[in-house]
Amino acid sequence: MLDVHAYGRVSTPIRVKTSKDKKKLYTSFLLASHDKKKETVFIRCVAFDGLATRLNSSFSVGDRIILY
């Protein structure tokens, strides 16, 4: 398993969606972060079920977020 820690700003809206089989909730959004060269890096983030709904209700575009 890959263990990743990232921080930055939410750069796309966090919208909860339902899977095709209608059994799972999920969200997908971009995190804008900076690398050591001060260049912007966009990281695609995906969350499922309860975490997806909590992210949707707690964060909007431009908010700072730490993922670990």
Which residues, counting only those in segment 1-27, are polar (S, T, N, Q) and modelled with pLDDT under 95? Ser19
If the Cβ limit is 6 Å and pairs must be 6+ apart or interchain, which residue in segment 30-56 that is surrounded by 12 or more Cβ atoms within 10 Å (Cβ to Cβ) pairs with which residue that is of a type in the set (A, V, I, L, M, F, W, C) and part of a helix (DSSP H, G or I)? Ala47/Leu55
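The values are calculated or read from the model by the stated rules, or taken from the named source; none is laboratory data. None of the values given here were measured: they were computed from a predicted structure. Backbone-built Cβ (ideal geometry, glycine too); neighbour counts: all protein chains shown.
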